[in-house]
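Take a look at the structure below.
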Amino acid sequence: MVFSSLRRYFSMRHQSSKVQALYEHCKTILSPSGSPPPSSQALQKLSSILDTIQPADVGLKEEIADDDRGHGFFGANALSRLARWVQPITYVDIHECDSFTMCIFCFPTSSVIPLHDHPGMTVFSKLLYGSLHVKAYDWVEPPCIIESKEPGYAQVRLAKLAVDKVLNAPCDTSVLYPKHGGNLHCFTAVTPCAMLDILTPPYREEEGRRCTYYHDYPYSAFSVANAPICDGEEEEYAWLTELESPSDLYMRQGVYAGPAIQL
């Protein structure tokens, strides 16, 4: 009788957690192929659930940025500042299945996730604390590609700037889609910060969803006849070229410390 009561108690705790509610809604509306897509109402509900989640709901404690003002690079905080710059981004896996990945990225100040894509994927991102600069592009369609005439140089493809701003928590959940909303993005931590992500469908290289990294060049770096843009809009466009996996992406695996998900 006592054990039965304890099981019910812990079951209720799991079911009442925000992470459990998020998992159950994702499990209900998301599919391995992403097709057919969920209704706009279902996606809005997913964003609404994410909007309510706080750091403590996923076992995080907000990190406070050090105050470096007035010391200069070689001042009193130089060693601590250098130590912070070499700290890795922490990746925390909450749940992964064929339909979606639920995870957290914890950024030290000044850390960067380089420009990368999410082919055929939708990504919901909730900034849990701190400030994060987001720069994102979408491909110009139909594709505008310049093939290199010199060996050893990759082709470049035209993309349009979709997002270039600093997010400050608390803020609304942001969403990128396969064809719009900034499907190719990069992050730079302005302060210590953490982002909760739902990626659907998840990365699967064998299914054509491979993460590719890019470098962006100003529009003026290349010239092309009959480019599909108007004069004065050049700053809204960039040329992207594929990169090998960046050697300066420093990431480590973290341990999820929030409420357990009841599968």
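A short reminder: the numbers here are calculations on the coordinates, not readings from a lab. Because the structure is predicted, anything quoted here is derived from the model rather than measured. All Cβ positions, even for glycine, are placed from backbone atoms using ideal geometry, and neighbour counts span all protein chains on display.
What residues have an amide H closer than 5 Å to that of Ser111, excluding those fewer than 5 places away on the same chain, when H is modeled at 1.01 Å from N in the peptide plane?
Ala189
Mind scanning Lys126/Lys179; Lys45/Lys160; Lys18/Lys179; Lys27/Lys179; Lys18/Lys135 and naming the pairs with a C-alpha gap bigger than 27 Å?
Exceeds cut-off: Lys45/Lys160; Lys18/Lys179; Lys18/Lys135.
I need the phi-derived Karplus couplings for the stretch 103-113: 6.51 cos²θ - 1.76 cosθ + 1.60, θ = phi - 60°, integer Hz, Gly and Pro marked x.
8, 10, 10, 10, 9, x, 3, 6, 6, 9, 9
Report the full-extension gain for the segment Val166 to Thr52: residue separation times 0.36 nm, less the Cα-Cα distance, to one decimal in nm.
Stretched out fully, the Val166 to Thr52 stretch lengthens by 39.0 nm.
Taking amide hydrogens as modeled 1.01 Å from N in the peptide plane, which residues meet the under 5 Å criterion relative to Tyr256, leaving out close sequence neighbours?
When sequence neighbours closer than 5 places are left aside, the close amide H contacts are Asp93.
Starting at the first residue of the stretch 36-45, write each ³J(HN,Hα) from the Karplus equation 6.51 cos²θ - 1.76 cosθ + 1.60 with θ = phi - 60°, in whole Hz, x for Gly and Pro.
Karplus-based 3J(HN,Hα) across the stretch 36-45 equals x, x, x, 5, 4, 5, 5, 5, 5, 5 Hz.
Could you run the Karplus curve 6.51 cos²θ - 1.76 cosθ + 1.60 with θ = phi - 60° over the stretch 166-174 and give me ³J(HN,Hα) per residue in whole Hz, x for Gly and Pro?
9, 8, 10, 6, x, 8, 5, 4, 9
For the stretch 98-256, what relative contact order do you get, as a whole percent, if you take Cα pairs closer than 8 Å and at least 6 residues apart?
Averaging sequence separation for qualifying contacts and normalising by length gives 36 percent for the stretch 98-256.
Once every Cα of the stretch 111-185 carries one equal point scatterer and solvent is ignored, give the base-10 log of I(q)/I(0) from the Debye formula at q = 0.17, 0.28 Å⁻¹, two decimals.
So the normalised log intensities work out to -0.72, -1.35.
Provide the packing ranking of 95-107, 161-173, 190-202, i.e. peptides ordered by the mean count of other C-beta atoms within 10 Å per residue, highest first.
Ranking the peptides 95-107, 161-173, 190-202 by packing returns 190-202, 95-107, 161-173.
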